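Have a look at the structure below, then the notes.
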């Protein structure tokens, strides 16, 4: 019992030792609390620094964005001013262009009227002059002295040439004014071309030209024969004019191949081995008063031109709903192609 009692206090002592240690442990707790507060202060300072840095970056980017926005606004204002200026300039240019177009149209009408009036005024006395010259050449007023025969023939030839030029001017003015009347009928393109070749063969012979024809598979066309005759005449005289002496001219009439041309067409081709047409002038040869070659290629014996023959040919072909084109190699050949609508079966 005594031992138990002694041990008892010992247990009590043992049990009390932790109680004695508790004040020490309670003394360490304030140290941990103090450390946590320091850490939180440090973290807070770091966060505030990061926040300040981010705030500064945001302010800088906001300032840069505002500057960019101001610059964009300035550019937009300038762009609006430029657009308004360009718009006003465009309106003014359009108004000026319309005014000039109206003036050009007026001048073009005046030119057409002048050409028409001048041609009519020239044609009337020319008809009388040519009539009397023809009568004199036929000795209707009696025999002429031998010394006058050659000069008379020269005057007569040039009078006929002048009449052809006047007729071309009249035809061109009618086409330009839309006063040409087409009376289409079913006609034979071969007969038309054959007649033109027969009429021009003597003229071609004066230059030693060989004029041949090639006809194959040629149905009737729906056209005004007088107008198509003029087209063929202009193309053949053009070939005679620009082909050197001893040249070859071929007039071909056939049915246009469907694999090359859409639709049903009769085709007329006039090909020569003359001086050809420079590439930069091929688009201009169908314009009025144009000539692809200089005056050195004209001769007093050949058919003269005012630069209207091809213009008239194109105008007449267009009135028939046809197509005219040219292919050429300078110094080698020139070939004009005309497509005309076939007559209905």
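The values are calculated or read from the model by the stated rules, or taken from the named source; none is laboratory data. This structure is a prediction, so every number in the text was calculated from the model and none was measured. Cβ coordinates were reconstructed from backbone atoms using ideal geometry, including for glycine residues, and neighbour counts include every protein chain displayed.
Collect the residues in the range 263-283 that are under 17 Å from residue 217 (Cα atoms) and either within 19 Å of the chain's Cα centre (by Cα) or in a loop (DSSP other than H, G, I, E, B) (or both), keeping them in residue-number order.
If the condition is that a residue be under 17 Å from residue 217 (Cα atoms) and either within 19 Å of the chain's Cα centre (by Cα) or in a loop (DSSP other than H, G, I, E, B) (or both), then 263, 264 are the ones that fit.
Within the range 205-231, which residues are within 22 Å of residue 180 (Cα to Cα) and part of a helix (DSSP H, G or I)?
Scanning the range 205-231 gives 225, 226, 227, 228, 229, 230, 231.
Here is a yes/no grid of residues against (1) modelled with pLDDT under 90; (2) loosely packed, with under 11 Cβ neighbours inside 10 Å:
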| site | (1), (2) |
| --- | --- |
| 89 | no, yes |
| 94 | no, yes |
| 102 | no, yes |
| 122 | yes, no |
| 129 | no, no |
| 142 | yes, yes |
| 145 | yes, yes |
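Scan the range 306-339 residue by residue and report those that are free of Cβ contacts under 8 Å to residues at least 12 places away in the same chain and under 12 Å from residue 227 (Cβ atoms).
318
Give the residues of the range 216-246 that are surrounded by 15 or more Cβ atoms within 10 Å (Cβ to Cβ), over 16 Å from residue 186 (Cα atoms) and either at pLDDT below 90 or touching a helix residue (DSSP H, G or I) at 6+ places or on another chain (Cβ under 8 Å) (or both), sorted by residue number.
Selection gives 230, 231, 232, 233, 234, 235, 236, 237, 238, 240, 241, 242.
Among the listed residues 21, 67, identify the single one that is at pLDDT below 80, surrounded by 10 or more Cβ atoms within 10 Å (Cβ to Cβ) and in a helix (DSSP H, G or I).
Only one candidate passes the filter, namely 21.
Of all residues in the range 254-290, how many are more than 25 Å from residue 168 (Cα to Cα) and either surrounded by 15 or more Cβ atoms within 10 Å (Cβ to Cβ) or in contact with a helix residue (DSSP H, G or I) (Cβ under 8 Å, 6 or more places away or on another chain) (or both)?
7
What is the one condition in (1) surrounded by fewer than 16 Cβ atoms within 10 Å (Cβ to Cβ); (2) touching a helix residue (DSSP H, G or I) at 6+ places or on another chain (Cβ under 8 Å); (3) within 27 Å of residue 229 (Cα to Cα) that residue 152 does not satisfy?
Checking residue 152 against (1) surrounded by fewer than 16 Cβ atoms within 10 Å (Cβ to Cβ); (2) touching a helix residue (DSSP H, G or I) at 6+ places or on another chain (Cβ under 8 Å); (3) within 27 Å of residue 229 (Cα to Cα), the one that fails is (3).
Just name the residue that is modelled with the lowest pLDDT out of those in the range 302-318 that are surrounded by 22 or more Cβ atoms within 10 Å (Cβ to Cβ) and within 12 Å of residue 167 (Cα to Cα).
Checked the range 302-318; the qualifying residue modelled with the lowest pLDDT is 308.
Every residue in the range 232-262 that is without any contact (Cβ under 8 Å) to a residue 40 or more places away in the chain, part of a loop (DSSP other than H, G, I, E, B) and closer than 19 Å to residue 206 by Cα, please.
Answer for the range 232-262, where residues must be without any contact (Cβ under 8 Å) to a residue 40 or more places away in the chain, part of a loop (DSSP other than H, G, I, E, B) and closer than 19 Å to residue 206 by Cα: 243, 244, 245, 246.
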